[in-house]
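The values are calculated or read from the model by the stated rules, or taken from the named source; none is laboratory data. Bear in mind the structure is a predicted one, so any value in this text is a computation, not a measurement. Note: ideal-geometry Cβ built from the backbone for every residue, glycine included; neighbour counts use all protein chains shown. Quick note on the areas: whole protein, heavy atoms, side chains included, nothing else; ligands and nucleic acids left out. Shrake-Rupley method; radii C 1.70, N 1.55, O 1.52, S 1.80 Å.
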Amino acid sequence: LLLAGSYFVGALIVHADCLLMRNHTITEQPMRFQKTTPLILREVASFLKRNKHGPFLLFVSFLHVHIPLITMETFLGKSLHGLYGDNVEEMDWMVGQILDTLDMEGLTNSTLIYFTSDHGGSLENQLGRTQYGGWNGIYKGGKGMGGWEGGIRVPGIFRWPGVLPAGQVIGEPTSLMDVFPTVDQLAGGEVPQDRVIDGQDLLPLLLGTAQHSDHEFLMHYCEGFLHAARWHQRDKGTTWKVHFVTPVFQPEGAGACYGRKVCPCFGEKVLHHDPPLLFDLSRDPSETHVLTPASEPVFYQVMERVQRAVREHQRTLSPVPLQLDRLGNIWRPWLQPCCGPFPLCWCLREDGPQ
């Protein structure tokens, strides 16, 4: 009875949680995955037509390159790299459709486009012997790992014809936290002055009026735990990475936490390093050669400078109630979004008049 009950409840949660909303109204529950891509593109085109005569901010969050790798039939089998490759092909096509819409609406030369991701590929996601959650190339680790480069380094591609030089490559550290002050500056606003804003305006770097990123240090967290810190030593052209905590990969010798399906941020399955691990990303982006006082003459100077930056950073933090711990993530039926009397959550309104 328990097994049957858990199977039913699990299926119900998946059914109920896969939904589309327009503003505060559920319009499709459960989602029809094969229809989602056309719906997104239709919504993008409608938004651009409505807002083309004034400033706008359009954020398109793709469902792609993320399990369960929902792909339209048109793109199935199109890639030599399996379902993941098919999913990449579809996302590439979607980006092209959005750029074509900007062209048709005469918005290309007045629109800054930023294409990026929020993390690297998820190494633990596999289907049989096939990698199902992306690949991070030479970079160690992946999604859900607070410090390793494989979970941090992502594409960052900008386009603004007539404003940004084409083909320019910038090798400076930036962050998704930079989106807020950059957009704020473009809109003629000012960032709040009553708090520390971790992001930096990217325009000087993109326009070439600044040679270096304003991020001298970047802190890399796993949940609320600081796992690593990065120091961009501009005068030397060196980027140092210090790891305070790293997950224990499973099985031994692997490059991810295959035994757990996700790497932990704390507890028995992480290692606390004393002294911390030090890497020179300028020469060793794969983080394979741990530097020691014997192999790196400035080991102690780098450690002291990074530790001081961490202390300065931590003084700017204010504690807030933790809302996304395990207890906070327990499913509560009375909070479940539902477009009918629970558990009969079913509706289909996206094909109707908008």
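Overview of results
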read-out: Fraction of beta bridges assigned by DSSP in the chain that are antiparallel (%, nearest 5); value: 95 percent
read-out: Residue-by-residue Karplus 3J(HN,Hα) for the range 63-68, coefficients 6.51, -1.76, 1.60, Hz, glycine and proline x; value: 7, 7, 6, 8, 4, x
read-out: Value of relative contact order over the chain, rounded to a whole percent, pairs C-alpha under 8 Å and six or more apart; value: 15 percent
read-out: Isolated Cys in the chain, by beta carbon distance under 4.7 Å; value: C18
read-out: For the range 48-84 versus the range 245-307, the gap between their alpha-carbon centres in whole angstrom; value: 35 Å
read-out: From phi via Karplus (6.51, -1.76, 1.60), per-residue ³J(HN,Hα) for the range 20-28 in Hz, x at Gly/Pro; value: 10, 10, 10, 6, 9, 10, 6, 10, 8
read-out: Amide H contacts of T238 (H built 1.01 Å from N, under 5 Å, at least 5 apart or other chain); value: Q233
read-out: Partner lysines for K261 [C-alpha distance under 16 Å; skip if fewer than 8 residues away on the same chain]; value: K143, K269
read-out: Charge context of Q200, other residues only, Cβ under 9 angstrom, K/R +1, D/E -1; value: -4
read-out: Among P161, P343, P204, residue whose mean-square fluctuation peaks in a GNM of the chain (springs only between Cα atoms under 10 Å); value: P343
read-out: Cα-centre dipole for the chain with unit charges at Cβ (Lys and Arg positive, Asp and Glu negative), debye to 20; value: 520 debye
read-out: For the chain: rounded, prolate or oblate by the Cα gyration tensor [a/c cutoff 1.5]; value: oblate
read-out: Long-range HN-HN contacts of H227 with modeled amide H, under 5 Å; value: H220, Y221, C222
read-out: Area of H273 that stays accessible when all protein chains are in place (1.4 Å probe, Å², to 10); value: 40 Å²
read-out: Dipole-positive endmost among L80, P68, I40 within the range 34-82 (Cβ charges, Cα centre); value: I40
read-out: Förster-model FRET efficiency, 41 Å R0, L186 and K269, C-beta, rounded to 0.05; value: 0.40
read-out: Per residue accessible area of the range 252-354, 1.4 Å probe, in Å²; value: 72 Å²
read-out: Contour minus Cα-Cα distance for E216 and S117 (0.36 nm per residue); value: 33.5 nm
read-out: Protein accessible area in the range 310-354, 1.4 Å probe - carbon and sulfur %; value: 62 percent
read-out: Å² of accessible area per residue within the range 38-184, as computed with a 1.4 Å probe and no ligands counted; value: 57 Å²
read-out: Dipole moment magnitude, nearest 20 debye, the range 89-140 about Cα centre, only Lys, Arg, Asp, Glu C-beta charged; value: 400 debye
read-out: Within-13-Å neighbourhood charge of V298 [Cβ basis; K, R +1; D, E -1]; value: -2
read-out: S122 accessible area, assembled protein chains, probe 1.4 Å, Å²; value: 20 Å²
read-out: Solvent-accessible surface (1.4 angstrom probe) belonging to I70, in square angstrom, nearest 10; value: 40 Å²
read-out: Placed amide H near V270: partners under 5 Å, 5+ positions off or other chain; value: V248
read-out: In Hz, Karplus ³J(HN,Hα) per residue of the range 135-145 (6.51, -1.76, 1.60; θ = phi - 60°; x = Gly, Pro); value: 8, 10, x, 7, 8, 7, x, x, 3, x, 9
